[in-house]
2 protein chains.
Amino acid sequence: MPETADLSAGSEGAAEPPAPDAPDAAGESSALAEPAYRQAVVDLLAVIAYGEITAFERLVEDARLAPTLADTVELATMACVEFDRVHGLHGRIRELGGDPFAAMEPFKESIATFHAHTAPADWYEGLVKAYVGDGLASDFHREIAAYLDPATRDVVVATLEGTDHSQFVVDRVRAGIAEDPRLGGRLALWGRRLMGEALIQAQRVAADRDALTALLTGGVDRPGLDLVALGRMFTRLTERHAARMADLGLEA
Amino acid sequence: MPETADLSAGSEGAAEPPAPDAPDAAGESSALAEPAYRQAVVDLLAVIAYGEITAFERLVEDARLAPTLADTVELATMACVEFDRVHGLHGRIRELGGDPFAAMEPFKESIATFHAHTAPADWYEGLVKAYVGDGLASDFHREIAAYLDPATRDVVVATLEGTDHSQFVVDRVRAGIAEDPRLGGRLALWGRRLMGEALIQAQRVAADRDALTALLTGGVDRPGLDLVALGRMFTRLTERHAARMADLGLEA
């Protein structure tokens, strides 16, 4: 798995093409003068922000399923870390002349459908969703950061930071499986369903939002991903997902 | 209202007696060597922390009643500010040799009863509860900070800081009343009910937790509040509550 090794080497290890980063007089990248690029960036920031808002709401709701108050506090702490990222993303949308709330509107339905199809039935399903969902989102942000102008890239990379509470999830899920081995089989299926639903909704967003897709496939003066590179990106995302499932003691 | 003037002059303006603050070899106040004082401080930190946790959960739940996504984000931001304070309070309980989760246990019932009796029926009741509840809690923390050893006082005073989002609440509530004047009458009654329920539960906690009550009434070598001073403290809390209701355009 050479790609996985590359990825884990740095937060932007997945970058293949150079990013559009020649700054203009205002210190902004010249790519931002291109309306399609600008629209794509606003779309991207908006879908990430709305994803964080709903992840926050779901985490707080799932925290109610926690067996102890200490577990509730851990999950609520994770939720607030997610939520805190929203402000930076909204700030960048405003800098680009967009309205964050109008920009998030087109993504509401896809994200609501994702959550409706992946409502955790219990505490463990909630934990796995938090771990796998946050991990998958972070990997995607890391991949896409390479295609962004420097100022936007910094905002997106900032969403990858924050206290890492994932050890808590790993410990709880592994302890649960040790106590009841059948749980492992159920959670492995659950992890596959989460990945499947995420891909279905991602494809739907890509099909609906041409500008966003064009960001990945490049522009006249911007290099993008060809089909081979896109395939490699999906391979990396899938491998990282499998590695996370293994962390939890689950087959991918 | 000379007391109100004193109060608004500084974050600890309500202090009458000197706090127990002679540090020992470890830099901790000698008051902490007294088991009853130590227990009282752990109780106090625990009840504040549990209050913040439940306030966080209620705010996030009430945020679902928000008419717009922008309002939801404002309320969720307020909720995370509340929640963030929990970590400092728990840290201090651990420094004093306590277990934060065991320490919070005795307060669960009173706080759950408070919330059960004050479940907002709509968005506006949720806003008023957030504003009035957070304000009342902050005033109480400010009052009681004067009776604490310096290290604990710093932790309690830190809970009074954070982004102030109350202007958002004032704007929304005043706009709502301007649109429907009957709302003002209903919310005025609601504010009285919130204050009444808070007092009932506070009294219950005071009756159940002797050490906590002793913190306010003093110890062998620590000055405390006599009945006159206690009465003045309640007057100040009530006056500040009335001022907050007036901010919202409501009669207290």
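Other residues whose C-beta falls under 10 angstrom from the C-beta of A:H117 contribute a net charge of 0, scoring Lys and Arg +1 and Asp and Glu -1.
Comment: the Cα-to-Cβ extended label point of B:G88, at 7 Å, lies 2.3 nm from its counterparts in the other copies, nearest first.
Mind grabbing the interface size between A and B? I mean buried accessible area, both sides, 1.4 Å probe, in Å² to the nearest hundred.
1800
Taking a Cβ cut-off of under 10 Å around B:L65, the surrounding Lys, Arg, Asp and Glu residues balance to a net charge of -4, with basic ones at +1 and acidic ones at -1. Classify the stretch B:89-128 as rounded, prolate or oblate from the Cα gyration tensor: take a ≥ b ≥ c as the square roots of its eigenvalues, call it rounded if a/c is under 1.5, otherwise prolate when a/b beats b/c and oblate if not. Judged from the Cα gyration tensor, the stretch B:89-128 comes out oblate (a/c at least 1.5, b/c at or above a/b). What is the distance in Å between the Cα centres of the stretch B:196-216 and the stretch A:28-53? Taking the Cα centre of each part, the stretch B:196-216 and the stretch A:28-53 sit 53 Å apart.
What the Cβ-Cβ distance of B:L199 and B:D154 gives, at R0 = 41 Å and to the nearest 0.05, is a FRET efficiency of 0.90.
Mind ranking B:M78, A:M233 by accessible surface for me, highest first, 1.4 Å probe? Present the calculation step by step, with values, prior to reporting the outcome.
Details: B:M78 25, A:M233 5 Å².
Accessible-area ranking of B:M78, A:M233, largest first: B:M78, A:M233.
Quantify, in whole percent, the carbon and sulfur part of the accessible surface of the stretch B:77-196 (1.4 Å probe; protein heavy atoms only).
So the carbon and sulfur contribution to the accessible surface is 54 percent.
A 1.4 Å probe run over the protein chains yields, for the stretch B:154-212, 57 Å² of accessible area per residue, whole-number rounding. Label reach from B:A211 (point 7 Å along Cα→C-beta): in the stretch B:32-53, amide nitrogens under 16 Å belong to B:32-50. A straight Cα-to-Cα reach below 25 Å connects A:K108 with the lysines A:K129, residues fewer than 8 places away in its own chain not being considered.
The values are calculated or read from the model by the stated rules, or taken from the named source; none is laboratory data. These numbers were taken from a predicted model, which means no experiment stands behind them. In this analysis, Cβ positions are derived from the backbone assuming ideal geometry, glycine residues included, and neighbour counts consider all displayed protein chains. Only protein heavy atoms, including side chains, enter the accessible area calculation; ligands, DNA and RNA are left aside. Shrake-Rupley method; radii C 1.70, N 1.55, O 1.52, S 1.80 Å.
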